[in-house]
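Colleague: Sharing a structure, written as structure tokens. Questions coming.
The values are calculated or read from the model by the stated rules, or taken from the named source; none is laboratory data. No experiment lies behind these values; they were computed from the predicted model shown. All Cβ positions, even for glycine, are placed from backbone atoms using ideal geometry, and neighbour counts span all protein chains on display. The protein model used for the area step is the full one, side chains on, heavy atoms only, and it has no ligands, DNA or RNA in it. Shrake-Rupley method; radii C 1.70, N 1.55, O 1.52, S 1.80 Å.
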Amino acid sequence: RHTPTTSCQIKSPRSRSLRILVAVTTVLTYGTFDLFHVGHLRLLERLSERGDRLIVGVSTDNFNVSKGKQTVVPYADRAAIVGAIKGVDLVIPEENWEQKRQNIVEHDVDLFVMGDDWAGKFDDLQDLCTVEYLPRTVGVSTSSLKEILRVLDPAHIEEMQSALGVVSRLLDHYRDLT
């Protein structure tokens, strides 16, 4: 495996041009990044510190449907949000599970990183690059945000009102007994 390099030209004091090769470490990760939150931000910040170039694969809407997931925010918006984050150099669409090998080779990836909820799932990529799994940000996840938002659905609000009515009647009943 070769180390990707980039070159830059500098002028020497004697007006000679010197070419210097600099090693570049490329980091790659993938995610849905729906309902972008501080956990996503912290992950991307940590990953950008791990290398010189950060590539983020954002799952397309069709790929999420194939995984049985429904997103709130459409792919184009999620990709734009991720691409606007300082330290993210390139956003690519994640359209299937198989593309990871091709992306690693195509982009000269040195480090492939996912959250520790995926631990062991991508170890087969270790013949191409280093694979690591980072701990998730404690206390926040898209799933928990979706659960909170589910409560705001009109059908659930009616269910909550009905449940509160039952609790209120029970309290009145027990108050009358004392």
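Colleague: Might you work out the accessible area of residue 106 for me, using a 1.4 Å probe with all protein chains in place, and round it to the nearest 10 Å²?
Modeller: Accessible area of residue 106: about 110 Å².
Colleague: Also, quick follow-up: If amide H atoms are built 1.01 Å from N in the plane of the peptide, which residues on other chains or at least 5 residues away come under 5 Å of the amide H of residue 112?
Modeller: 28, 130, 131, 132
Colleague: A follow-up question, please. Taking amide H atoms as placed 1.01 Å from N in the peptide plane, list the residues 5 or more away in sequence, or in a different chain, whose amide H sits under 5 Å from that of residue 94.
Modeller: Excluding prolines and chain starts, which carry no amide H, the hits are 58, 59, 60.
Colleague: So for 78, 42, what's the accessible-area order with a 1.4 Å probe, most first?
Modeller: So the residues, ranked largest to smallest area, are 42, 78.
Colleague: Same structure again: Label the stretch 68-117 by shape, choosing from rounded, prolate and oblate, from the square roots a ≥ b ≥ c of the eigenvalues of the Cα gyration tensor; if a/c is under 1.5 it is rounded, and otherwise prolate applies when a/b is larger than b/c, oblate when it is not.
Modeller: Numbers: a/c = 1.72, a/b = 1.27, b/c = 1.36.
Cα axes put the stretch 68-117 in the oblate bin.
Colleague: Give the shape of the stretch 19-82 as rounded, prolate or oblate, defined through the alpha-carbon gyration tensor: a ≥ b ≥ c are the square roots of its eigenvalues, a/c under 1.5 means rounded, and otherwise the shape is prolate if a/b is larger than b/c and oblate if not.
Modeller: It is prolate, given that a/c is not under 1.5 and a/b is the larger ratio.
Colleague: Run down the aspartates and glutamates and flag those whose C-alpha is under 15 Å from the C-alpha of residue 67, throwing out any fewer than 8 positions away in its chain.
Modeller: Cross-link targets: 34, 94, 95, 98.
Colleague: Under the 0.36 nm per residue contour assumption, what length would be gained going from the current alpha-carbon distance of residue 89 and residue 102 to full extension?
Modeller: Additional length available on full extension: 2.8 nm.
Colleague: Taking 7 Å along the Cα-to-C-beta vector as the label spot, tell me the residue 130-residue 72 distance in nanometres, rounded to one decimal.
Modeller: About 3.6 nm, to one decimal.
Colleague: Between residue 164 and residue 46, what length comes free when the chain is fully extended (0.36 nm per residue of separation minus the Cα-Cα distance, one decimal in nm)?
Modeller: 38.1 nm
Colleague: Taking 2.2 N^0.38 Å as the expected size of a compact globular protein, what ratio does the Cα radius of gyration of the stretch 14-141 give against it, to two decimals?
Modeller: 1.14
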